[in-house]
Amino acid sequence: MLDLWREPRHIGIDFHTYLAAANVGLRQGWSHIYDQALVAAEQTRLVPADPAQPFLSPPTVAWLVAPLTSFDFWTALDIWRVFTFGAFAVALAWSGVSTANVRWIAVVAALTPWWVLHAVNLGQVVPLVAAGMVVGWRLLHDKKDIAAGVALSVIFLKPNTAILVPLALLVAGRYRAIASWVAVGGFLALIAGLLLGTQGVSAYLNELRSPLPTGADALTLHGAVGATGWVALALRILIVGAVLGIAFRLRGSPGLVLPVAIVGSLLISPYLHASDLCLLAAAAWIVWEELPARTWRAALAVGWALSSPYLWFTTHSPGLNRWPWIELALLVALGLLAWRPLTSSADLRTRAPA
């Protein structure tokens, strides 16, 4: 499946699906965006050479790309790719608290993993989720919790990539951030109910109950350790418990709660695509900003080096089923940090306002 991103004919294939759903919604009613036959026909109309794939994203994604339906497909794709990559880049540049060259090294490092380029190549929505995590981190860091909750509502674009973030912030006592996040979610749910109606909501729920997408388990517990059934469930429960425990211990340092929750979300997700690792890039960047100690930054630099496009194209990059182990290592390291006194300003930046 990953070889698809090297083929020019698959450029924008995910955006292709988003735009098709948006066209169906605007022309035939939003209640029909999960009628996969209509979406497939619209995909064929837009780009006949590309294969059709089902629209499984939340309706928020179709709404977001709806303004681009007035352009031809390739123009719309170019606008979308500039928008998603630019949003992630601007979020990183604006949110950083490091000074001098260290700040810009981290921005470039977070933007250049092969999976970020892969996400942009496919026209994926996930760079926007990563951007929201970064902005939400900075707002939490600055004690602007209500605004942080709004920024973190990008989770509603692709919930499986950061599903534990709200729970972790709740355990960490960031109640205003959670309140604003819930308010945005409630508003979006109301709009979805009104636009999709009973038929559309039922169709979406049926899609969620459908078998998981094929070829999307290499980055999961199944791909990493072959866990299935009750074993996979037990591991997911253990990871969720660990994330919430670490979040509670780090409740005085909300900036570190976010990467813990992001990594935990990636580990428990039942399906992920390579582009979803944009969230790992965001989590690593947050840790870089929060923990300026040389040991942490050296370890993060190694991780970014392993994710370089050069290593991927030369087949020397770790396989997809190795990245969950790297995520687990980061989670364990943050867990060990949580269980020791957080008193050193050299180790923990969040003790003082930016």
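Extents of segment 107-220, largest first, come to 42, 36, 24 Å (Cα atoms, principal axes, whole angstrom). Each of E289, E42, E207 was scored by other Cβ atoms within 10 Å of its Cβ. Arranged with the fewest first, they read E207, E42, E289.
The distance linking segment 199-273 with segment 93-116 is 26 Å (Cα centroid to Cα centroid, whole angstrom).
Packing, as the average of other Cβ atoms within 10 Å across residues, places the peptides 305-317, 29-41, 68-80 in the order 29-41, 68-80, 305-317, highest first. A viscosity of 0.692 mPa s and a temperature of 37 °C, combined with the Kirkwood radius over C-alpha pairs in the Stokes-Einstein formula, give segment 59-120 a diffusion coefficient of 247 µm²/s. On C-alpha positions alone, give me the angle between the axis of helix 126-141 and the longest principal axis of the chain, in degrees, nearest 10. The answer is roughly 30 degrees. Projecting the Cα atoms of V120, F71, A109 onto the dipole axis of segment 1-127, where Lys and Arg carry +1 and Asp and Glu carry -1 at the beta carbon, places A109 farthest toward the positive end. Against the compact-protein benchmark of 2.2 N^0.38 Å, the Cα-based radius of gyration of segment 86-351 scales to 0.98.
Distance between the modelled labels on T228 and N160, one decimal in nanometres: 1.7 nm (7 Å Cα→Cβ projection). Other residues whose C-beta falls under 15 angstrom from the C-beta of N321 contribute a net charge of -2, scoring Lys and Arg +1 and Asp and Glu -1.
Of I268, I155, I237, I163, the sequence from fewest to most neighbouring Cβ atoms within 10 angstrom is I237, I163, I268, I155. Comparing L235, L244, L219 in a Gaussian network model of the chain (Cα springs below 10 Å), the most mobile by mean-square fluctuation is L235. Here is how the number arises for the chain: DSSP H runs of 4 or more residues each give -39500 (n - 2.57), the sum is divided by the residue count, and the result at 222 nm is -21000 deg cm²/dmol.
The GNM of the chain, with springs linking C-alpha atoms under 10 angstrom apart, assigns the highest mean-square fluctuation among L266, L19, L300 to L300. Sparsely packed loop sites in segment 209-282 (the trypsin sites (Lys or Arg not before Pro) outside DSSP H, G, I, E and B with at most 14 other Cβ atoms within 10 Å) do not occur.
Normalised by the number of residues in segment 177-306, the average gap of Cα pairs under 8 Å and 6 or more apart makes the relative contact order 22 percent.
Each Cα pair under 8 Å and six or more residues apart adds its separation to the average, and for the chain the resulting relative contact order is 20 percent. Magnitude of the charge dipole for the chain, about its Cα centre and with charges confined to Cβ atoms of Lys, Arg (+1) and Asp, Glu (-1), is about 1080 debye. By the beta-carbon count within 10 Å of each Cβ, the least crowded to most crowded order of V107, V231, V260, fewest first, is V231, V107, V260.
Based on the Kirkwood radius over alpha-carbon pairs, what is the Stokes-Einstein translational diffusion coefficient of segment 1-151 at 25 °C with 0.890 mPa s viscosity, in µm²/s?
Reported coefficient: 148 µm²/s.
For segment 330-336, the Karplus equation 6.51 cos²θ - 1.76 cosθ + 1.60, evaluated at θ = phi - 60°, returns couplings of 5, 5, 5, 4, 5, x, 5 Hz by residue, with Gly and Pro reported as x.
We did not get these values from a lab; they are worked out from the coordinates using the rules stated. Just so we're clear, the structure is a prediction, and the values are computed from it rather than from any experiment. Using ideal geometry, Cβ is built from the backbone for each residue, glycine included, and neighbour counts are taken over all protein chains shown.
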